[in-house]
1. What distance in nm separates the simple spin-label points at E62 and E145, each placed 7 Å from Cα in the Cβ direction?
2. Give the angle, between 0 and 90 degrees and rounded to the nearest 10, that separates the Cα long axis of helix 232-244 from the longest principal axis of the Cα atoms of the chain.
3. Show that you can apply the helix-only estimate: for the chain, add -39,500 (n - 2.57) for every DSSP H stretch of four or more residues, divide by all residues, and state [θ] at 222 nm to the nearest 500.
4. With r as the distance between the Cβ atoms of E98 and R153 and R0 = 25 Å, compute the FRET efficiency 1/(1 + (r/R0)^6) and round to 0.05.
5. At a Förster distance of 41 Å, what's the computed FRET efficiency of S240 paired with F172, Cβ-Cβ distance as r, to 0.05?
6. With a ≥ b ≥ c the root eigenvalues of the C-alpha gyration tensor of the chain, is it rounded (a/c under 1.5), prolate (a/b larger than b/c) or oblate?
7. Going by how many other Cβ atoms sit within 10 Å of their own, how do M284, M201 line up, fewest first?
8. Specify the inter-centroid distance of segment 278-295 and segment 235-250, based on alpha-carbon positions, in whole Å.
Amino acid sequence: MSLIDQFKNGLARSKSGFISRLDGLFGGGEINEAFYEELEEILVSGDVGVQTSVKLVDQLKEEIRRQKIKAREEARNLLLQLITGIMKPGETSVEQDEQPFVILLVGVNGSGKTTTAAKLANLYRQERKNVLLVAGDTFRAAAIEQLEIWAARAGVELIKQQPGSDPSALFFDAINAAKARAVDLVIGDTAGRLHSRHNLMEELNKIHRVIGRIMPGAPHRVLLVLDATTGQNAVAQAKSFNQSLAIDGLVLTKLDGTARGGIVINIADELKIPVCYVGTGETMDDLAPFRPEEFARALLED
């Protein structure tokens with residue numbers, strides 16, 4: 001299945017609301033102030049956010065005037081280009097000099113970090129990477145068991161300790177093991193935490209420091225996992241996490257569960273942090289590297 005088909009399938013719920021309204025708007029008629037007002041209202045209702053929606057409509061209006069466009073179908077193509085420009089591609093390649101390349105997943109409870117860790121491992125396993133998973137959510141026995149099952153499905157190794165163990169000590173062992181085994185990629189799960197809990201955020205910083213002491217420059221990528229169904233809350237979470245711990249990229253999960261796929265545009269515009277991956281389902285293969293143009297086409301084209 002192509003990426004655009006994967007995005008379209010994942011955005012099926014959006015098709016009944018946000019996307020179908022956009023499709024109807026661009027279906028025909030003249031371009032006038034009523035068109036711009038309706039477009040702005042649709043974008044806002046689709047979780048694109050007020051500020052981003054106003055900016056997009058203003059840019060579209062300017063380009064339509066400059067290019068003397070009359071047909072709404074041409075205006076659709078312009079909007080596609082503008083949305084693509086906002087959603088700059090995330091750097092998803094792990095073709096780096098560092099070995100192992102260390103990815104740390106962070107986020108609040110229930111965002112989908114554990115399944116994302118396994119899906120990422122599966123994604124890179126298919127690229128013939130030697131992957132090591134780290135069950136860093138030591139607070140939940142269920143998370144360790146879940147990751148153990150997923151790791152077996154993906155055919156990758158897993159480093160774990162008993163529930164209640166010190167996660168920093170676990171990552172210390174995991175990085176040393178990865179070096180000894182010539183692992184290409186380490187993907188670490190962490191316990192969910194609210195950004196407002198200072199002690200939990202400090203623990204996350206400790207994990208970061210411990211990894212960096214064993215391997216200078218690591219972790220090479222800190223990815224914040226966000227639940228797309230939480231809408232504007234996801235934007236607030238990302239802003240707060242980024243203040244406590246430098247975030248390199250975002251993973252948006254449960255995109256198939258939201259009727260407002262515009263949240264991706266809002267997040268990319270407000271945070272200026274690249275969206276690297278999106279989750280569009282519950283199976284092992286339902287995680288894809290984010291491609292802005294293909295995502296924009298899935299939103300705006302039939």
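1. The answer from the label model is 5.6 nm.
2. Its long axis makes an angle of about 50 degrees.
3. So the helix-based figure for the chain works out to -16000 deg cm²/dmol.
4. Efficiency, rounded to the nearest 0.05: 0.40.
5. The calculated FRET efficiency here is 0.90.
6. Because a/c hits 1.5 or more and a/b exceeds b/c, the chain counts as prolate.
7. By the 10 Å Cβ count, ascending: M284, M201.
8. 21
Values quoted throughout were computed directly from the atomic coordinates according to the rules given, and no laboratory measurement underlies them. Keep in mind it's a predicted model, so treat the numbers as computed, not measured. As a convention, Cβ positions derive from the backbone with ideal geometry for all residues, glycine included, and neighbour counts pool all protein chains shown.
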